[in-house]
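Since every read-out is calculated from the coordinates, none of them should be taken as a lab result. Here the structure is a predicted model, which is why all the values come from computation and not from measurement. FYI the Cβ positions are ideal-geometry reconstructions off the backbone, even for glycines, and counts take in every protein chain you see.
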Amino acid sequence: MFHSNFHVITKTPLRVSLLGGGTDFEYFYKLHTGHVINTGINKYVYVTVKKHNKLFNENYRLNYSTTESVNNLKDIKNDIIRECLKLVPVKPPIYISVISDIPGYSGLGSSSSFTVGLLKALLFIKKKKINKKELAELACKIEINILRNPIGKQDQYVASHGHFASYKFLRNGKVIINDIKNNKIINKIFLNSLLVWTGKFREAKSVLKDQKHRYILNKEYLLKMNNFTSQGQNILKKNFNLKLFLELVNKSWLLKKKLSNRISSNRLDNFYKNCVKNGAISGKLLGAGGGGFFLIFFKNRNKKKLIKFLKNYFYFQCLPSKSGSEIIYHNKSR
């Protein structure tokens, strides 16, 4: 049961993936075990779920990049909202609003952050307690099993867990999480980086479908990327060397480009080359590819030169989030 007068707001981090992207897909980890290193960042998706009062005529009012007002659950066009409400039904009339610090289709895992944040709100309203792994798996169920989106599992886990961590996706479906807790290491990595907008939004599905179709050809690259992630974890846990870690990020990006000819382009390759000419020492395109944000690393002495080159680009510096998806407001009458 839940209280009839609910109002809940969740805050869920977007993410940056450093190593291993592509190995978190079921077709890979079921055979070889996947391994990624990523983190939630201090940019967020906010989801509000609120009970409507009798003055509203519709059962469902939804505000995201567009607005929907419908009476029947099956008529909701937003796939994630519709399927989350089917899985965790809340009696209408209800209002759902989504606000993000960064627009979707930008390579920061926004759809999974949205899914995790909405599920957390609905479960809170229903007074159902689940842990972070269970929340991530519910989001995977929605996005991968029900909606059949061609994506992996890392985005849902980092949205739920939040911290800078290593994630191993085992063949039996279990996930092992190892937090990277050394703030000195984390600061060295992220205070020497920028997220730079490439100027292009992109739809991940076509790129990821192409990767899957090329799996036999890509298997060798994915195994090497898996090995880079293991090396990266050892560097982070034992003898940290920023140069060696960033070399792995760069090597992994060069391999990732081989997974599909849709991941990069001449324009994106030239942009990265120009960043290197102007002080960058490593980098990678985030998300599936084709556009979105480039994560660029630099040495402190080259920061001014790089920023001068980027004067016509939108960029910002990010830091790891302090937590995963969380409730930041609920009415006391719940």
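For Gly162, the residues whose amide H sits under 5 Å from its own are Gly40, ignoring neighbours fewer than 5 places away on the same chain, with H placed 1.01 Å from N.
Close amide H partners of Lys200, meaning residues 5 or more places away or on another chain with modelled amide H under 5 Å apart, are Gly292. Taking Leu118, Leu236, Leu147 as the candidate residues, the one with maximal mean-square fluctuation in a Gaussian network model of the chain, Cα springs under 10 Å, is Leu147. The trypsin sites (Lys or Arg not before Pro) found in the range 232-281 that occupy coil by DSSP, while having at most 10 further C-beta atoms within 10 Å, are Lys238. Taking a straight Cα-Cα cut-off under 16 Å and skipping sequence neighbours fewer than 8 places away in the same chain, the aspartates and glutamates within cross-link reach of Lys273 are Glu247. Taking all Cα pairs closer than 8 Å and separated by 6 or more residues, the relative contact order of the range 7-181 comes to 31 percent.
Karplus-based coupling profile of the range 261-278, in residue order and whole Hz: 6, 8, 6, 10, 7, 4, 5, 5, 5, 5, 4, 5, 4, 5, 5, 4, 4, 10, with θ = phi - 60° in 6.51 cos²θ - 1.76 cosθ + 1.60 and x standing for Gly or Pro. Qualifying chymotrypsin sites (Phe, Trp or Tyr not before Pro) in the range 276-317, where qualification requires a DSSP coil assignment and no more than 12 other C-beta atoms within 10 Å, comprise Phe314.
Taking amide H as placed 1.01 Å from N in the peptide plane, the amide H of Leu19 sits under 5 Å from that of Ile37, each at least 5 places away or on another chain. Taken about its Cα centre, the range 7-181 carries a charge dipole of roughly 660 debye when the Cβ of each Lys and Arg holds +1 and the Cβ of each Asp and Glu holds -1.
Sequence-distant contacts, meaning Cα pairs under 8 Å at least 6 residues apart, place the relative contact order of the range 183-316 at 39 percent. Normalised by the number of residues in the chain, the mean separation of alpha-carbon contacts (under 8 Å, six or more apart) gives a relative contact order of 28 percent. Projecting the Cα atoms of Asn234, Gly290, Phe245 onto the dipole axis of the range 210-330, where Lys and Arg carry +1 and Asp and Glu carry -1 at the beta carbon, places Phe245 farthest toward the positive end.
Taken one residue at a time, the phi angles of the range 313-330 give Karplus couplings (6.51, -1.76, 1.60, θ = phi - 60°) of 10, 8, 8, 7, 9, 10, 10, x, 6, 8, 7, x, 4, 9, 7, 10, 7, 8 Hz. Gly and Pro are set to x. On full extension, the segment bounded by Lys237 and Thr33 gains 71.4 nm, given 0.36 nm per residue less the C-alpha separation. Taken about its Cα centre, the chain carries a charge dipole of roughly 760 debye when the Cβ of each Lys and Arg holds +1 and the Cβ of each Asp and Glu holds -1.
Straight-line reach from Lys132: taking Cα to Cα under 12 Å and skipping same-chain neighbours fewer than 8 places apart, the aspartates and glutamates in range are Glu326. In whole angstrom, how far apart do the alpha carbon centroids of the range 13-89 and the range 290-306 sit? Using only Cα atoms, the two centres lie 30 Å from each other. Taking a straight Cα-Cα cut-off under 22 Å and skipping sequence neighbours fewer than 8 places away in the same chain, the lysines within cross-link reach of Lys74 are Lys50, Lys51, Lys54, Lys86, Lys91, Lys120, Lys126, Lys141.
Among the listed pairs Lys129/Lys188; Lys43/Lys174; Lys256/Lys322; Lys127/Lys238, a Cα-Cα separation exceeding 31 Å is found for Lys129/Lys188; Lys127/Lys238.
In sequence order, the range 61-71 has phi-based couplings of 10, 10, 10, 9, 6, 9, 10, 10, 9, 9, 9 Hz under the Karplus curve 6.51 cos²θ - 1.76 cosθ + 1.60, θ = phi - 60°, and Gly or Pro positions carry x. I want to verify a result. In a Gaussian network model of the chain, Cα cutoff 10 Å, which of these has the top mean-square fluctuation: Leu285, Leu87, Leu135? Largest GNM mean-square fluctuation: Leu87.
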